[in-house]
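Quick note: the coordinates plus some simple rules give every number you see, no bench work behind them. It should be emphasised that the depicted structure is a prediction, and the values quoted were computed from it without experimental measurement. Reconstructed Cβ throughout: ideal geometry from the backbone, glycine too, with neighbour counts over all protein chains shown.
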Amino acid sequence: MIGQLYADALAGEAAELEYVDGSRVTLETAHWFEPIPGDEDLLRRCSSPTLDIGSGPGRLTVALTRRGVRSLGIDVTPRAVALTRRAGGFALLRDVFDDVPGSGRWATALLADGNIGIGGNPEALLRRVRQLLGPGGTVIADVAPPETRSRVDRVRLRRGPLVGEWFGWATVSASDIRRVALAAGFTDADCWAAHGRWLACLR
């Protein structure tokens, strides 16, 4: 059900992200299709080749391709992959923890739009991403504002009475990203604010 609800959200259906404590937030899927403030700060730090992890409908994958940066989006939902390809980007149906083409050779890995939370274990995710990067490779990520508490949650998608399966998701604060990055084997992490977003570069 998680895959179908996500696919439906990409098709324009309303959806919410529900936490185990009962709180809900609206899934702002419209933001995944068009450029949003702060995207340029992410994109100009990407080198060829770039892997866009959890690429959704391909907003950033396509933008990189248009500026001549070789890029590949990976996502777990066929509709997301199809939307990326339709928009002119390259994308594959892949889980980041499964076999990913070019492992050990990517110059940049993107974890945009909160995707550093994938799996609910940021250290494990970043260790996996390190395996995918080539020597000197970097991770560019969206993180939460420094005043936000880092947390690990169980969440699910909801549309009215329809609910998906619970899955792990994490929030990483800008004030904690360096600690998390070092624990995952990176040597440094910079953080900065851009157009209302907090971004990080891990090396």
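Observations
- FRET efficiency for the pair S48 and F97, taken as 1/(1 + (r/R0)^6) with r the Cβ-Cβ distance and R0 = 30 Å, rounds to 0.80.
- 13 Å beta-carbon shell around L199, net charge (K/R +1, D/E -1): -3
- Fewest-first ranking of V20, V62, using other Cβ atoms within 10 Å as the exposure measure: V20, V62
- The residues packed around P49, meaning those with a beta-carbon under 9 Å from its beta-carbon, carry a net charge of +2 if Lys and Arg are +1 and Asp and Glu are -1.
- Cβ-based charge dipole, the chain, positive-most Cα from G185, L10, G134: G134
- Estimated from the Cβ-Cβ distance and a Förster radius of 30 angstrom, the FRET efficiency linking A14 and R66 is about 0.50.
- Full extension of the segment from W192 to R105, taken as 0.36 nm per residue of separation minus the current Cα-Cα distance, would add 28.7 nm.
- Residue order for L43, L157, fewest other beta carbons within 10 angstrom first, comes to L43, L157.
- Stretchable slack from N121 to H31, in nm (0.36 nm times residue separation minus alpha-carbon distance): 29.9 nm
- Formal net charge of residues neighbouring D188 (Cβ-Cβ distance under 11 Å; K, R +1; D, E -1): +1
- Sorted by Cβ density within 10 Å, fewest first, the residues D8, D75: D8, D75
- Taking each DSSP H run with n ≥ 4 as -39500 (n - 2.57) and averaging over every residue of the chain yields -6500 deg cm²/dmol at 222 nm.
- In a reduced charge model with +1 at each Lys and Arg Cβ and -1 at each Asp and Glu Cβ, the chain shows a dipole moment near 520 debye about its Cα centre.
- Contact order normalised by residue count of the chain, Cα under 8 Å, 6+ apart, percent: 21 percent
- Percent of alpha-carbon pairs separated by more than 21 Å within the chain: 50 percent
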